[in-house]
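Notes follow once the structure below has been shown.
Derivation of every value follows stated rules applied to the coordinates shown; laboratory data play no part. Being a predicted model, the structure only gives us computed values, none of them experimental. Neighbour counts are summed over all protein chains in view; Cβ atoms, including those assigned to glycine, are modelled from backbone coordinates with ideal geometry.
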Amino acid sequence: MKEKAQSIYSEYPELAIVEKKDNSEEKREVHSFVLRTNKLHTFQLEAVKNYYEHYSIRYKEELLDFKKVFNNDKPVVIEIGFGTGESTSRIARERDQYNYLAIEVFLNGYTKLLSVVGDEKIENVRLMRFDAVAVLNDMIKDNSIAGFHIFFADPWPKKKHHKRRLIQLPFTNLLSKKLIKGGYIYCVTDWSDYADQMLSVLSNTDNMKNPYDGFAPSREWRPKTKYERRGVNLDYTINEIWFEKK
Ligand SMILES: C[S@@+](CC[C@H](N)C(=O)[O-])C[C@H]1O[C@@H](n2cnc3c(N)ncnc32)[C@H](O)[C@@H]1O
């Protein structure tokens with residue numbers, strides 16, 4: 001049984017808004033997503049009722065204080081576009097030396113991860129349903145983030161849509177600006193020309209260096225998601241890109 005998302009929007013109207021309406025041109029660097037209509041299972045609607053206040057963060061033009069959010073000083077990793085959060089919850093459980101801010105606009109995925117995190121009380125994860133570009137611009141302090149995870153970003157395969165790809169300049173300069181020294185950007189893709197683009201764009205991003213000669217080795221702690229399994233079934237190469245802030 002699925003229900004329209006409207007039933008949660010009446011109680012949590014802010015959940016229906018995922019991007020800044022007054023985005024000025026210079027801030028609107030990339031429009032990397034399309035919104036799908038949403039129908040949710042009861043467990044997803046319940047997750048919002050039960051866990052939204054504790055595990056989700058509302059978009060606000062105000063810097064986040066991670067110490068207050070997580071109640072500790074652990075370094076913070078931001079995941080952009082977590083999909084259904086399959087990797088997010090596993091990485092958060094297994095690598096709990098970090099806190100994770102997981103950002104996704106896809107309501108179905110957002111509520112799935114909210115349900116897992118709330119049911120299992122995974123305290124080192126907070127979620128946002130909002131455009132990550134606006135979140136980074138408006139809510140994240142410069143030089144404060146330990147790492148970014150961007151796994152299987154939408155490849156926007158048609159040439160006329162390449163401008164929608166998330167990994168491009170100047171957005172990657174924004175990622176770099178938010179990282180602490182030694183902080184990392186970790187991207188994975190099964191789309192080969194996007195992988196080349198990621199390598200080239202990040203090589204030209206302010207203050208970032210590639211510790212590898214080209215693509216990086218796979219991190220054993222990164223779980224394989226459905227996008228990866230699909231790519232492997234189609235015989236696509238999975239490329240990993242890892243850059244660090246100088
Ligand atoms: C192809 S999916 C990959 C999901 C997941 N990382 C995985 O590996 O299974 C890419 C996701 O990025 C999200 N996304 C794209 N641009 C975004 C943005 N600016 N802010 C937040 N999420 C975004 C999309 O909604 C989509 O769910």
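Each Cα pair under 8 Å and six or more residues apart adds its sequence gap; the mean of these over the residue count of the range 98-246 is a relative contact order of 23 percent. Taking R0 as 22 Å, what FRET efficiency do you get between Lys158 and His31 from their Cβ-Cβ distance, rounded to the nearest 0.05? The computed FRET efficiency comes out at 0.90. Proximity of backbone amide H atoms, modeled 1.01 Å from N, is registered between Tyr100 and Val77, Val125, Arg126 at under 5 Å, excluding neighbours fewer than 5 places apart on the same chain. For the pairs Lys178/Lys245; Lys74/Lys177; Lys121/Lys181; Lys177/Lys246; Lys21/Lys60, note any where the Cα-Cα span goes beyond 21 Å. Beyond 21 Å: Lys121/Lys181. Each Cα pair under 8 Å and six or more residues apart adds its sequence gap; the mean of these over the residue count of the range 1-96 is a relative contact order of 30 percent.
At a Förster radius of 22 Å, what calculated FRET efficiency corresponds to the Cβ-Cβ distance of Asn204 and Asn72, to the nearest 0.05?
About 0.05, to the nearest 0.05.
Tell me whether the range 58-174 comes out rounded, prolate or oblate; compute the Cα gyration tensor, take square roots of the eigenvalues as a ≥ b ≥ c, and use a/c under 1.5 as the rounded threshold. It is oblate, given that a/c is not under 1.5 and a/b is not larger than b/c. On full extension, the segment bounded by Arg93 and Lys121 gains 9.1 nm, given 0.36 nm per residue less the C-alpha separation. Relative to the dominant Cα principal axis of the chain, helix 42-55 is inclined by about 70°.
Each residue of the range 177-187 is assigned a 3J(HN,Hα), and the resulting list reads 4, 7, 7, 6, 4, x, x, 10, 10, 10, 10 Hz, derived from the Karplus form 6.51 cos²θ - 1.76 cosθ + 1.60 (θ = phi - 60°), x at Gly and Pro.
Highest-first packing order for the peptide set 155-165, 80-90, 52-62, 135-145 is 80-90, 135-145, 52-62, 155-165, based on the mean count of other beta carbon atoms within 10 Å.
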